[in-house]
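J.: Let me give you the structure first, and then I'll get to my questions.
The values are calculated or read from the model by the stated rules, or taken from the named source; none is laboratory data. Keep in mind it's a predicted model, so treat the numbers as computed, not measured. Note: ideal-geometry Cβ built from the backbone for every residue, glycine included; neighbour counts use all protein chains shown.
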Amino acid sequence: MKTTLVILAAAVAFVTGATSTTAAGADGAAKEAATTDTPQMIFSNYKDLKWNKILPDLGENSPEICILRIDPKTQATSLMIRTPKGIHVRKHWHSANETHTVILGTQVFACEGKRIEQDPGSFNYMPAKMVHEAWLPAGALVFITVDGAWDVNWVEGAPTTADLTK
């Protein structure tokens, strides 16, 4: 529950900052522009992304999340996760359909008794509520999309220091 709240707080902060713009009025003073439903383009450089700890109890070893975009109507979310230390991400599920595209590191995913190793450029799809787990090496980076709000529902509890690997 605590992890979900941290992730949702990060998502809300991102959306709040991304849905309005500041412009200078005729008098030169900054004025907040009205929020609009019009889709806005986004260009983000990796070095400028805002990362948050997913598991704050793991300190500097915690995987980090960056919410890239949340659709204001559907809550569909694009995000990335990176790992400073290798970790076994325990069994969990999400309320929405989820895809993973491996960017860095050979990652292992398992669900429904199947276990597959995926190299950079690999893709997978997991239907909503499908229980799965993953093993991510140090330095891993994965791009994730979900077609609704992103959440994490741990089956046997969130990862702990016992789940950290070399």
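J.: Under 7 Å between Cβ atoms, which residue pairs at least 6 apart in sequence (or on different chains) link something in the range 57-81 that is on the phi > 0 side of the Ramachandran plot with a partner that is modelled with pLDDT of 95 or more and surrounded by fewer than 20 Cβ atoms within 10 Å (Cβ to Cβ)?
T.: Final answer for the pair search is GLN75/GLY148; GLN75/ALA149.
J.: All but one of (1) out of contact with any strand residue (DSSP E or B) (no Cβ under 6 Å at 6 or more places or on another chain); (2) touching a residue at least 40 places away in the same chain (Cβ under 8 Å); (3) not hydrophobic (A, V, I, L, M, F, W, C) hold for GLY113; which doesn't?
T.: (2)
J.: Scanning for something surrounded by fewer than 18 Cβ atoms within 10 Å (Cβ to Cβ), of a type in the set (S, T, N, Q) and either in a loop (DSSP other than H, G, I, E, B) or in contact (Cβ under 8 Å) with a residue 60 or more places away in the chain (or both), does the range 129-145 turn up at least one residue?
T.: No, because not a single residue in the range 129-145 is surrounded by fewer than 18 Cβ atoms within 10 Å (Cβ to Cβ), of a type in the set (S, T, N, Q) and either in a loop (DSSP other than H, G, I, E, B) or in contact (Cβ under 8 Å) with a residue 60 or more places away in the chain (or both).
J.: Something else now. For the range 45-66, give me each residue that is in a loop (DSSP other than H, G, I, E, B), over 19 Å from LEU136 (Cα atoms) and under 15 Å from the mean Cα position of the chain (by Cα).
T.: Scanning the range 45-66 gives LEU49, LYS50.
J.: For ARG69, all conditions in the list (1) closer than 24 Å to PRO39 by Cβ; (2) of a type outside the set (S, T, N, Q); (3) over 14 Å from the mean Cα position of the chain (by Cα) hold save one; what is the number of the exception?
T.: It fails just one condition, (3).
J.: Here is a check on your reading of the model: is PRO120 assigned to a loop (DSSP other than H, G, I, E, B) and without any contact (Cβ under 8 Å) to a residue 24 or more places away in the chain?
T.: Details: assigned to a loop (DSSP other than H, G, I, E, B): yes; without any contact (Cβ under 8 Å) to a residue 24 or more places away in the chain: yes.
Spelling it out, PRO120 is indeed assigned to a loop (DSSP other than H, G, I, E, B) and without any contact (Cβ under 8 Å) to a residue 24 or more places away in the chain.
J.: Right, something else. Between a residue in the range 41-54 that is touching a residue at least 40 places away in the same chain (Cβ under 8 Å) and any residue that is surrounded by 15 or more Cβ atoms within 10 Å (Cβ to Cβ) and in a loop (DSSP other than H, G, I, E, B), which pairs come within a Cβ distance under 7 Å, given they are 6 or more apart or on different chains?
T.: Here the result reads LYS53/SER62; ILE54/SER62; ILE54/PRO63, each pair linking the range 41-54 to a residue that is surrounded by 15 or more Cβ atoms within 10 Å (Cβ to Cβ) and in a loop (DSSP other than H, G, I, E, B).
J.: Scan the range 79-95 for residues that are closer than 18 Å to PRO137 by Cα and either under 13 Å from the mean Cα position of the chain (by Cα) or of a type in the set (Asp, Glu) (or both) and jot them down.
T.: So the first thing to find is which residues in the range 79-95 are closer than 18 Å to PRO137 by Cα, and the list is 80-91.
Listed by number, the residues that qualify are MET80, ILE81, ARG82, THR83.
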